[in-house]
Amino acid sequence: DHSPVFRKEKVSFRIPETSDPGSRFPLELAQDLDIGSNSIQAYSISPKNEYFSVSYGSWAEDDTYLELVLEKALDREELAEMGFSVIAEDGGSPPRSGSTQVKIVILDVNDNAPVFTEERYVGKTLENMPEGSVILTVLATDQDAGVNGDISYELIQAGGKSDSAFVIDPITGEIKLTKHLDFEDSVYHEFRVRATDGEGLSAICKVLVEVVDVNDNAPELVVSSFSSPLPENTVPGTVVALFSVRDRDSGANGQISCALEDQLFFSVRAAYKNYYELVTVSALDREERAQHILSVTAADAGWPPLTSTQTFTVDISDVNDNAPVFNQTSYTMYVRENNVPTVFVGAVSAADADVGLNAKVTYSLAPVQGAERPWCSCISVNSENGHVFVLRPLDYERLRQTQVTVSASDAGSPPLRANVTVRLVVLDENDNAPLVLYPGQESSPASSELVPVSAEAGYLITKVVAVDADSGQNSWLSYHLLRATEPGLFSVGVQSGEVRLRRPVTDRDAVKQKLVVLVRDNGKPPLSATAALSALLLKDFSDMRLPHSSPATEEQQDSLTTYLIVSLVFVSLLFLISTVAFVARKVCKRKELEAGPVLYGADNLQSGLADAAAAGTLPRAYCYEISLTTGSGNSEFKFLRPILPSLPPQHCATGQEPDEGQDFPCVPVSGEDMAPMDNAGTLSAGQFNAL
């Protein structure tokens with residue numbers, strides 16, 4: 001119930017191919033747990049082969065062996081390896097078996113010498129082949145393997161001579177050139193090549209190299225004379241260079257012809273024998289082409305033809321044949337008026353196609369011809385860089401633009417020049433305030449505009465007309481109502497300057513209206529002017545006979561107003577001093593009031609009147625309202641009719657009640673100072689003095 005079992009499933013043997021038949025190679029026995037006839041009884045090989053057999057036996061009762069026996073000599077070149085199975089069988093019924101795989105690797109032995117594919121190798125090469133070129137390749141083979149089959153090559157010179165023109169690659173067998181071959185020195189080169197394997201076995205072959213003649217000598221060009229640089233005004237036909245050509249080859253390979261690639265300005269012509277000339281054929285222009293690089297090619301008649309090239313670099317020297325050229329046909333420069341002196345406004349620039357001194361440009365103001373207008377002395381130009389300056393401040397209102405002619409001259413001999421026109425435009429600054437043309441603002445009496453009181457809103461009263469000496473935005477004028485007697489009554493057109501009624505005229509509006517219109521330009525900063533005008537509001541135009549105030553009368557009224565203000569201040573101070581004195585006397589002495597004008601304030605009016613009535617010094621009580629009429633031609637004082645003050649009954653001498661609503665202060669006056677008032681309600685001189 002147990003099968004034989006090998007400890008290893010695979011076994012490998014490495015056997016040299018030179019092993020003798022009968023050689024034995026031990027194998028490990030298989031194991032079977034059964035005993036007796038059920039144990040292992042025999043071993044066999046499957047499949048059977050002619051090289052090996054198996055031997056099974058015992059040296060003693062318990063000492064058995066198992067060996068592979070070589071029956072036939074091995075040859076690695078025929079069979080490099082083989083494999084088979086060794087089977088162990090027991091004696092049971094049914095019999096059981098076990099197997100192991102055996103691999104036989106046959107080891108090589110150097111028993112074969114290298115063999116060349118040819119006994120003689122023949123190659124051809126051109127004499128102009130470069131170094132390193134492969135001429136031919138030799139090949140030898142060896143049936144051995146590994147190191148025994150590795151072949152190396154080496155050159156063997158005939159008679160022991162060494163020829164350094166060839167070298168062989170020891171691995172690939174390629175024969176290469178180490179230097180150029182020359183057909184004229186040697187036509188054939190013969191040598192041998194040895195091939196050796198790793199164990200020293202070798203073989204020898206012959207190699208023959210034939211050198212093929214070629215056109216390997218290029219023409220040579222020798223320069224005898226050469227002229228450079230050439231002036232650009234050189235005449236055609238001038239000889240620039242003289243050179244000769246030669247070729248070391250013979251026959252057709254030594255026949256030479258010369259050619260010039262660029263023949264637009266130069267050409268090559270034969271002189272004598274093998275000499276040639278390089279000459280000019282057309283006019284030269286340095287500004288168009290400052291340097292000519294000429295290539296002269298000499299070619300032989302061989303195949304393929306060989307050529308040699310000689311390069312001539314011809315520089316063209318400058319001649320002053322170009323005038324300066326401005327980068328613009330004309331220049332326009334701008335400067336603001338009121339500029340600072342010597343202000344930079346721009347630059348002119350001219351270029352000269354010449355070089356050196358012929359291209360050095362200087363600038364100046366061209367003189368003015370007799371018939372032309374003289375140029376502005378305020379402009380200057382820098383002679384070195386063409387910068388243009390304005391030497392003095394300009395006024396746009398006097399000079400808006402001017403132009404000068406700037407000349408650019410080179411330093412050649414003779415010098416060449418060009419002119420250009422420079423136009424200087426003065427830009428306006430807002431330096432002029434608006435000028436009012438209407439209404440006139442002179443010192444003479446100005447007429448008043450007549451406006452009917454029945455005019456509706458929008459009625460055109462007048463129009464303010466103004467101009468500005470500036471231009472553009474600085475001259476755009478706008479009109480604004482600055483002040484007026486009745487600001488809400490009038491409106492001014494911002495753009496037109498028209499003065500119109502904003503609303504209908506009412507009875508409360510003064511007859512004479514004064515207006516001040518502000519006229520402002522649109523400059524930065526803006527400038528302005530004012531226009532004063534007056535308007536008379538009339539029911540009909542028959543009222544024109546009313547006297548009109550002249551400027552002199554208005555000045556008198558202003559002076560009178562000043563005097564009245566001073567007088568009022570003086571009287572007020574006198575009143576305060578009197579009041580203080582009265583109070584002091586009242587407190588200290590408490591005596592009877594002296595006869596004379598005494599003025600009471602609203603606070604002590606009642607007590608003062610009571611005391612006066614008790615003393616019997618106030619027989620009659622009067623209250624007067626004093627007012628100054630407006631618009632009066634002579635500005636005189638007038639007093640209205642007497643009215644009764646609102647005093648308590650016991651404080652009035654007459655005992656009459658005052659009218660309701662009257663809160664005017666009473667002015668007690670002594671009876672002797674009082675006199676009947678005239679019909680006009682005017683106080684007498686004594687009454688006025690008492691007041």
* Structure fact -> FRET efficiency for Ala366 and Glu456 from the Cβ-Cβ distance with R0 = 56 Å, rounded to 0.05, comes out at 0.25
* R0 of 60 Å, Cβ-Cβ distance Ser567-Arg400: FRET efficiency to nearest 0.05 -> 0.50
* Structure fact -> So Leu574 and Gln157, fully extended at 0.36 nm per residue minus their Cα-Cα distance, gain in nm 134.3 nm
* Asked: Put a dot 7 Å past each Cα toward the Cβ at Ala347 and Lys179; how far apart are the dots in nm?
  -> 6.8
* To do: Once you have the Cα-Cα distance between Arg289 and Thr18, take 0.36 nm times their residue separation minus that, and quote the gain in nm to one decimal.
  => 88.7 nm
* Above-threshold pairs, the threshold being 24 Å between Cα atoms, out of Lys179/Lys273; Lys179/Lys206; Lys463/Lys524 -> Lys179/Lys273; Lys463/Lys524
* What are the ³J(HN,Hα) values, in whole Hz, obtained from phi via the Karplus relation 6.51 cos²θ - 1.76 cosθ + 1.60 with θ = phi - 60°, for each residue of region 356-362 in sequence order, with x given for Gly and Pro? -> x, 5, 5, 10, 6, 9, 10
* **Residues whose placed amide H lies under 5 Å from that of Val240, excluding near-sequence neighbours** => Leu278, Val279, Thr280
* Counting only residues 5 or more places away or on other chains, whose amide H sits under 5 Å from the amide H of Glu81 once H atoms are built in the peptide plane? -> Ile106
* To do: Report ³J(HN,Hα) in whole Hz for each residue of region 325-336, in order, from the Karplus equation J = 6.51 cos²θ - 1.76 cosθ + 1.60 where θ = phi - 60°; Gly and Pro get x.
  => 10, 6, 6, 9, 6, 7, 10, 10, 10, 10, 9, 7
* Counting only the backbone N, which residues of region 265-300 are under 16 Å from the spot 7 Å out from the Cα of Thr309 toward its beta-carbon? -> 292-300
* Does anything in region 268-290 have its amide N under 18 Å from the 7 Å Cα→Cβ label point of Asn233, and if so which residues? -> 282-289
* Which distance in nm do the two modelled labels at Leu139 and Ser383 give, with both placed 7 Å along the Cα-to-Cβ direction? -> 9.1
* What residues qualify as long-range amide H neighbours of Glu232, i.e. H under 5 Å apart, gap of 5 or more or another chain, H built at 1.01 Å from N? -> Ser317, Val319
* Structure fact -> Zone reached by a paramagnetic label modelled 7 Å from Leu107 Cα along Cα→Cβ, restricted to region 9-24 with backbone N below 13 Å, covers 13-20
* Structure fact -> Low-density loop GluC sites (Glu not before Pro), region 59-112, at most 12 other Cβ within 10 Å, DSSP non-H/G/I/E/B, are Glu61, Glu78
* **Stretch gain in nm, segment Arg269-Ala469, where the contour uses 0.36 nm per residue and the Cα spacing is subtracted** => 64.0 nm
* Asked: Given a 1.4 Å probe and the protein chains all in place, what does the accessible area of Phe25 round to, in Å² to the nearest 10?
  -> 40
* **Spin-label pair Thr297/Ser186, simplified geometry with 7 Å Cα→Cβ offset, distance in nm** => 3.7
* **Cβ-derived FRET efficiency at R0 35 Å, Leu357 paired with Asp262, nearest 0.05** => 0.70
* Local electrostatic count at Ile106 - Lys and Arg +1, Asp and Glu -1, tallied over other residues with Cβ under 10 Å -> -4
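The values are calculated or read from the model by the stated rules, or taken from the named source; none is laboratory data. In this text the structure is predicted, and so the values were computed from the model without any measurement. Please note: Cβ atoms are built from the backbone with ideal geometry, for glycine as well, and neighbour counts cover all protein chains shown. In case anyone asks, the SASA skips ligands and DNA or RNA and just uses the protein heavy atoms, side chains included. Shrake-Rupley method; radii C 1.70, N 1.55, O 1.52, S 1.80 Å.
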